[in-house]
Amino acid sequence: MRASGRSMLVLVVWVNACHSDLAFDSVGEARPPEPRWELSFTEECGGEALGDQVITLMRVGDATFRSWGSRADWMADEQVRVSGGLCTITAVAKPSGDRQFTSGVINTAGRFEQEFGRFEARLRFPGGMGIWPQWWLRSVHGWPPAIHVAGLAGHRPEHLEFLIWYLTEQGRQERTGSVEGSRWQDEFHVYRADWSEKEILFVVDDVEVGRLDLEGVPPFGPLYPIVNLSVHDGEAGPVPDETTPWPAVLELDWLRVYRRAE
């Protein structure tokens, strides 16, 4: 397990038009879960390969795919590595499939999913124009629903976003919150979502940074964890330019999921 140095972060939190100032020490490692939680899934990024429940391509129902949506990258197995106690995803400026860039994804589609619980990962995000790392949850039946535990647009290194997507009779809906803080890609942080029937609590390094109410939101059903490193295609964010550092590397120390103990 890798430990980061302690550093002071000052955050401004925006959720549903409310904000507050927070100051806390980055602990690097999450504290042990309270007794009411029990571990249901873990990827510790030890050894030389991902665990049996983790895969490197996406899945919806019985179909698998290598790219989707507003992304200019193709997800290739060789861009995911396990070494030195870390899982890494590397994005490169190299065409692959029908996309301009090549990157990768770590997820458990079809192998592990869970409704409600604690979902956390210790990550270091890369930055740079057009770079788009995400730690999120989605349904094997399609999108939405989805819970974005933490996402970063590389051209805004101080702006961390969390959100939910869901579907109603009026169409696709979202609820969002964000955290203004340090340059998030400079060090490891533990990003967490505690998901219950009524709300989702978002936490960074054991400090609450926001909550999203689930009142009026249709049930999501079980969702599976995803960590991916994408590249914008210009629709959802700016494309890479001459300032973008290549390769871009996302580092995952561990990913853990807990359920409430009976």
- Scanning the range 79-97 for residues that are touching a strand residue (DSSP E or B) at 6+ places or on another chain (Cβ under 8 Å) and not β-branched (V, I, T) gives Q79, R81, G85, L86, C87, A91, A93, K94, P95, S96, G97
- From the option list A3, A17, A23, single residue qualifying as at pLDDT below 50, out of contact with any strand residue (DSSP E or B) (no Cβ under 6 Å at 6 or more places or on another chain), within 20 Å of R183 (Cα to Cα) and small (G, A, S) is A3
- Note on the structure: For the range 103-138, the count of residues that are outside any loop (DSSP other than H, G, I, E, B) and either touching a helix residue (DSSP H, G or I) at 6+ places or on another chain (Cβ under 6 Å) or surrounded by fewer than 18 Cβ atoms within 10 Å (Cβ to Cβ) (or both) equals 2
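A quick yes/no check of all residues on (1) within 13 Å of the chain's Cα centre (by Cα); (2) modelled with pLDDT of 95 or more:
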site: E115; (1), (2): no, yes
site: R122; (1), (2): yes, yes
site: G128; (1), (2): no, no
site: W135; (1), (2): yes, yes
site: G142; (1), (2): no, no
site: I164; (1), (2): yes, yes
- Matching residues in the range 196-247 - criterion: being surrounded by fewer than 16 Cβ atoms within 10 Å (Cβ to Cβ), in contact with an Asp or Glu (Cβ under 9 Å, 6 or more places away or on another chain), among the acidic types (D, E) and in a loop (DSSP other than H, G, I, E, B): E215
- Message: Looking only at residues that are over 21 Å from the mean Cα position of the chain (by Cα) and of a type outside the set (D, E, K, R) in the range 218-243, which one is farthest from T90 (Cα to Cα)?
- Response: P218
- Answer with yes or no whether Y191 is in contact (Cβ under 8 Å) with a residue 60 or more places away in the chain, in a strand (DSSP E or B), among the hydroxyl-bearing types (S, T, Y) and within 26 Å of M58 (Cβ to Cβ). yes
- Query: Can you spot a residue in the range 60-78 that is out of contact with any strand residue (DSSP E or B) (no Cβ under 9 Å at 6 or more places or on another chain) and either among the polar types (S, T, N, Q) or modelled with pLDDT of 95 or more (or both)?
  - Reply: no
- Message: What's the total number of residues in the range 244-262 that are touching a Gly at 6+ places or on another chain (Cβ under 7 Å) and among the β-branched types (V, I, T)?
- Response: 2
- Query: Going through the range 48-84 one residue at a time, which ones are part of a loop (DSSP other than H, G, I, E, B), over 25 Å from E235 (Cα atoms) and under 18 Å from the mean Cα position of the chain (by Cα)?
  - Reply: L50, Q53, V54
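The values are calculated or read from the model by the stated rules, or taken from the named source; none is laboratory data. Computed from a prediction, not measured in an experiment: that's the story for all the values here. With ideal geometry, Cβ positions are generated from the backbone for all residues, glycine too; neighbour counts draw on all protein chains shown.
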